[in-house]
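J.: I have a structure here, written as C-alpha cells, and I will follow up with some questions on it.
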Amino acid sequence: MIILINNPKSAHQVYATPPGDLAIWFFIFAELLAFGIFFAAYAFARAHNIALFDASQQHLSRTSGAINTLVLITSSYFVVRAVAAIKQGYSNQCARWIGAAIGFGAIFLAIKSFEFYGKFSSGITLSTNTFYMFYLSLTIFHFMHVILGMLILAAVMLKARRGGYSAENHTGVETGASYWHMVDLLWIILFPLIYVIH
Amino acid sequence: MQYKSQAVAKPYFIAAIGLFLGQILFGLIMGYQYVVGDFLFPAIPFNVARMVHTNLLIVWILFGFMGSAYYLIPEEAETELFSPKLAWLMFWVFLVAGALTIVGYLTVPYATLASMTGNDILATMGREFLEQPLPTKVGIVIVALVFLFNISMTVLKGRKTSISLVLLLGLWGLAIFFLFSFYNPSNLVLDKYFWWWTVHLWVEGVWELILGAMLAFVLIKITGVDREVIEKWLYIIIAMTLITGIIGTGHHYFWIGTPEYWQWFGSVFSALEPIPFFMMTVFAFNMVNRRRREHPNKAATLWALGTGVMSFLGAGVWGFLHTLAPVNFYTHGTQITAAHGHMAFYGAYVMVNLTMISYAMPMLRGRSANSRSSQVMEMWAFWLMTISIVCITLFLTAAGILQIWLQRMGTSPMSFMDAQDQIRIFYWAREFSGLVFLVGLVLYIWSFFFKNSEAQAAE
Amino acid sequence: MRPCTLIWLSLMLLTVATYAIGEAGMGGTAVMLTVLGIAVIKVQMVASYFMDLRHTRWLWRGIVLGWLVLVTGLIAIAYLTTIK
C-alpha cells in the first residue's frame with residue numbers, strides 16, 4: 001500500500017488507495033451507483049403514489065428489518081475485528097472472526113427468507129403494485145449481494161485458515177472486508193427508506 | 001507472424017472487407033430509396049435491400065471475429081492452430097452459404113424462398129436480422145461449432161491467458177445465443193422477448209467480451225504495456241458489461257407486453273451500460289500513454305483509440321439518450337434508433353475489426369507495419385469513415401427529434417408519411433455522408449495495395 | 001474498549017432509535033429528516049471507521065460522501081415535494 005503521509009508524530013498514516021484490491025472498489029462504486037439510482041427511483045415513485053406506498057408499507061415486518069440491520073452491522077463489526085487480527089499476524093483468529101461474520105450473514109438470509117415466504121404465500125409478486133415491485137426488487141437484489149459477499153468471505157476464511165495471509169500480506173482480507181461493508185452500508189439506507197419512512 | 005497457421009486469418013479478413021463493401025453499397029441504395037422511393041423498384045425493393053445490408057453487416061463482422069480469433073489465439077496460446085484445414089474448409093462453407101443466401105434474397109421473392117428452403121419444417125424466417133433460411137441458419141451453427149472446436153482445442157493444448165479465455169467465453173456465448181434464433185414462439189410477446197436473447201445479448205453482451213479481448217490483444221502488442229495490467233482492466237470491463245447488460249436486456253421489454261417492472265429494471269441497468277465502454281476508452285488511452293515501445297503501426301494505434309471513443313459515443317452515449325423508459329416511450333422505433341444503431345455498430349464492432357485487420361494484415365504479409373504512405377492513406381480512410389458516420393448519426397438524430405415532435409407530440413400529431421416528408425432534407429444529408437463513407441472505405445481498401453510492395457517499414 | 005467496538009455499539013443504538021420511531025408510527029417532515037439523518041451518520045461511520053476510509057486520501061472519502069449526500073438528498077427532495 002502506498003503511504004502518502006508518513007508522519008511519525010501522528011497516530012496514523014494516509015494511504016493512497018482504499019483497503020484491499022483497487023479493482024473491488026470499482027465494483028463497490030458501481031454497486032453504490034446502481035443501488036443509489038434505485039433508492040432515488042423508489043423515493044420519486046413513492047411521490048406519485050403516497051397513499052399506496054404508505055398503506056403497503058404497513059404490511060412489512062419492521063421488526064424483521066430492524067433485527068436484520070442489527071445482524072448485518074454486527075457481522076461487519078466481526079469483519080473489522082478479523083482485519084485487525086490479521087494485521088497482527090493472527091490468521092486463525094482472523095478466520096474465526098470471518099466465520100462469525102458469515103454466520104451472521106446466514107442469519108440475515110434466514111430472517112429475510114421468512115419475510116419473503118410470508119409475502120409470496122399471500123400471493124404478493126413483482127406485479128402486485130409499484131411499492132411491492134420496489135420492495136421485492138431492492139431486497140432480492142440486496143439478498144443476492146449478501147450471498148456473493150458471503151462467498152467472498154468464505155474464500156478469504158479458507159485461505160486464512162491455511163495460513164495464506166500474514167501481517168505484511170493480507171490484501172485479500174481487506175478486499176473481502178470492503179465488499180462486505182458495502183453490503184452492510186446499503187442495507188443501512190434500505191431499512192429506513194423502505195421499512196420506516198412514510 | 002509467429003505461427004504459420006495464423007495465415008488462415010487472411011482469407012477471413014479479405015472476405016470481411018469484401019462483404020463490408022457490399023454492405024455499404026446496399027446501404028447507399030436504401031439511403032437513396034428513402035428520398036426516391038421507387039429507386040430500383042421492383043428489382044430490389046427497400047425491404048430486400050435492407051435484409052442484404054443488415055445480413056452482410058453481421059456476416060462480415062463474424063468473418064472478422066473468426067479471422068481475428070485465428071490470428072490471436074495461436075499467438076496467445078503459443079502453439080499452432082489445432083486444424084488449419086478445418087479453418088479453410090469452414091471459410092468456404094460460410095462464404096458460399098452467405099453468398100447463396102444473399103443471392104436468394106435478391107432473386108427470389110421472400111415467401112418463395114421460405115417454401116423452397118423448408119421454412120414449413122421449422123419456421124425461423126421472417127424476423128429482423130434473422131431472415132436467413134433454415135439451411136443457412138443450420139450452416140451458421142455448424143461453422144460456428146467447428147470454429148469453436150478448432151480454437152478451443154488450440155487453447156486447451158497451449159497457454160491459457162485472460163485474453164484467450166475472455167475471447168472464448170464471448171465466442172461460445174455468441175454461438176449459444178444464436179440458437180435462440182431457432183426458437184419462434186407463436187405468442188407475439190414471447191417471440192419478441194426471446195428475439196432479444198440473440199440480438200441484445202449479442203451486441204450488448206457477449207460481443208463486448210470479444211471486443212474487449214481483441215482490443216486488449218492489439219494494445220498489448222502495440223504498447224508493450226505489462227500484460228497483467230491489461231488483463232486486470234479486461235476482467236473489470238467484462239464484469240461491468242455482464243452486470244449491466246444482462247438485466248439491461250429489459251430496456252427492450254418496455255412496450256412489448258411484458259410486466260411493468262421491466263420499465264424500471266431495464267431503465268436502471270441499461271443506464272449503466274455505458275460504463276464498460278467508458279472504461280475501455282480510458283483503458284485504451286491509458287495504455288497508449290504508458291507505452292513502452294514505439295510500434296511502427298500508427299494506423300492500428302489510431303483505430304484502437306478510435307474504437308474506444310466511437311463505441312463509447314455511439315453505443316454508450318447515444319444508447320443512453322434513449323434508454324430510459326419515459327424517453328423511449330417517445331423515441332421507440334424512430335430515426336433516433338437508426339442514429340444510435342449506426343454509430344454503435346460502427347464504433348464498436350466495425351472499428352474493432354478494422355483495428356485488428358490493421359494490426360494483423362501487415363504481420364500476415366511479413367512486416368510489422370505498412371509503409372508510411374500506406375499508413376497515411378489508411379488514416380485518411382479512418383477519418384473519412386469516422387467523421388461521415390458522426391455526420392450520419394447527427395443528421396438522423398435531428399431527423400428523429402423532428403419526427404417525434406411532429407408525429408408523437410402535441411395536440412394534432414402528423415401521420416407517419418407526412419412526418420417523413422418533413423425530414424427529407426436530413427435523409428439527403430445522410431445519403432451524402434454515406435457517399436463520403438464509401439470514399440473512405442475505398443481508400444481503406446486501396447491502402448492495402450498502395451506502395452507496400454517496395455517499402456518495408458522499419459522496426 | 002477498542003474504537004471499532006464503540007462504533008459498533010453506536011450503530012446498534014442508532015438502529016434501535018430508527019426502529020422505535022418506526023414503531024411509534026411517527027410521520028412528517030422533521031421525523032423523515034431525522035431518520036434520514038441517522039442513516040447518513042451510520043453510513044459515514046461504516047465508511048470512515050469500518051471501511052477505514054479515514055486513513056485514505058480525501059478523494060475516496062469524497063466519492064462515498066458525495067454519493068451519500070446525493071442519494072439522501074434526492075430522497076429528501078422526493079419526500080419534501082410531496083409532504084402535505
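J.: With the dipole of chain B worked out from charges on the C-beta (+1 for Lys and Arg, -1 for Asp and Glu) around the Cα centre, which of B:Tyr105, B:Phe91, B:Gly22 lies farthest toward the positive end?
T.: Value: B:Phe91.
J.: Once the mean 1/r over all distinct Cα pairs of the stretch B:1-160 is inverted, what Kirkwood radius in angstroms do you read off?
T.: Value: 16.9 Å, from the Cα pair sum.
J.: If r is the Cβ-Cβ distance from B:Val146 to B:Lys232 and R0 is 25 Å, what FRET efficiency results, to the nearest 0.05?
T.: That gives a FRET efficiency of 0.15.
J.: Still on this model: When you look at the Cβ of every residue in A:18-27, what mean number of other chain Cβ atoms sits within 10 Å?
T.: 4
J.: For the stretch B:136-286, report the % of Cα-Cα distances exceeding 25 Å.
T.: The proportion of pairs with Cα distances above 25 Å equals 38 percent.
J.: Which whole-number percent is the relative contact order of chain B (Cα, under 8 Å, 6+ apart)?
T.: It comes to 14 percent, rounded to a whole number.
J.: Go ahead and estimate [θ] at 222 nm for chain B from helices alone: -39,500 (n - 2.57) per DSSP H run with n ≥ 4, summed, over the residue count, rounded to 500.
T.: -24000 deg cm²/dmol
J.: Another question, then. Please order A:Leu190, B:Leu28 by the number of other Cβ within 10 Å, starting at the fewest.
T.: B:Leu28, A:Leu190
J.: What is the distance in Å between the Cα centroid of the stretch B:41-94 and that of the stretch B:376-405?
T.: So the two Cα centres are separated by 26 Å.
J.: At 4 °C and 1.567 mPa s, what whole-number value in µm²/s does Stokes-Einstein give for the translational diffusion of the protein assembly as shown, with Rh from the Kirkwood sum over Cα pairs?
T.: 45 µm²/s
J.: Order by neighbour count: B:Ser388, A:Ser127, C:Ser48, fewest other Cβ atoms within 10 Å first, most last.
T.: The fewest-first ordering by Cβ neighbours comes to A:Ser127, C:Ser48, B:Ser388.
J.: List, in order, the whole-Hz ³J(HN,Hα) value for each residue of the stretch B:66-73 obtained from phi through the Karplus relation with A = 6.51, B = -1.76, C = 1.60 and θ = phi - 60°; use x for Gly and Pro.
T.: Each residue of the stretch B:66-73 in turn: 5, x, 4, 5, 5, 7, 7, 5 Hz.
J.: Show the residues, 5+ positions off or on another chain, whose built amide H is closer than 5 Å to the amide H of A:Tyr15.
T.: Correct list: A:Leu4, C:Thr56, C:Arg57.
J.: Taking the simple approach of a point 7 Å from Cα along Cα-to-Cβ for both B:Phe182 and B:Asp38, what is their distance in nm?
T.: Those two pseudo-labels are separated by 4.4 nm.
J.: OK, next. In chain B, with Lys and Arg counted as +1 and Asp and Glu as -1 at Cβ, which of these residues, B:Ile121, B:Ala49, B:Tyr193, has the Cα nearest the positive end of the dipole, that is, farthest along it?
T.: Selected residue: B:Ala49.
J.: From the backbone phi of the stretch A:119-131, what are the Karplus-calculated ³J(HN,Hα) couplings (6.51 cos²θ - 1.76 cosθ + 1.60, θ = phi - 60°) in whole Hz, Gly and Pro given as x?
T.: 5, 5, 6, 8, x, 7, 9, 4, 9, 4, 7, 5, 4
J.: Calculated FRET efficiency, B:Ile121 and B:Asp191, Cβ-Cβ r, R0 22 Å, to nearest 0.05?
T.: Calculated value: 0.75.
Coordinate-derived values only; no laboratory data. Small disclaimer: the values here were computed from a predicted structure and weren't measured. Ideal geometry is used to build each Cβ from the backbone, glycine not excepted, and the neighbour counts take in all protein chains shown.
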